[in-house]
Amino acid sequence: MDRGEFTVPENKPSEIEKESLEAHVEICALRYENLQENLSSVKNDVSSIKDDIKALKEAMEEKSSASTDKLFHIGTYIIGGLLTVVGTLVFKMLFH
């Protein structure tokens, strides 16, 4: 049986399948082949999405880390400045 002779029915058996076990087996093989191709395509798409999510997560972690470092440094400078002002005021109050 030549595969080019038939289109693969989606859900219900064709008339030729009802009459011929050989045709049914051949058409089921085509259906199975189509399912395998579709499954492979879905697997590739999921893998691609997984890679994109991983890259996005890494980028977000990198930005978060950079932001945290920046906030830490800014906080350190502010605290240092405030301690300098407080120290200066205490010094002036004690020795003036």
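One table, with the values for the structure above:
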{"read-out": "Neighbours by Cβ (under 7 Å, 6+ apart or cross-chain): first from segment 19-36, in contact (Cβ under 8 Å) with a residue 12 or more places away in the chain; second in a helix (DSSP H, G or I) and surrounded by 12 or more Cβ atoms within 10 Å (Cβ to Cβ)", "value": "A23/I16; A23/E17; I27/E17"}
{"read-out": "One residue from A66, A29 being of a type in the set (G, A, S) and more than 28 Å from K12 (Cα to Cα)", "value": "A66"}
{"read-out": "Hey, K43 surrounded by fewer than 10 Cβ atoms within 10 Å (Cβ to Cβ) and of a type outside the set (S, T, N, Q) or not", "value": "no"}
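We did not get these values from a lab; they are worked out from the coordinates using the rules stated. Just so you know, these numbers come straight off a predicted model, no measurement behind them. With ideal geometry, Cβ positions are generated from the backbone for all residues, glycine too; neighbour counts draw on all protein chains shown.
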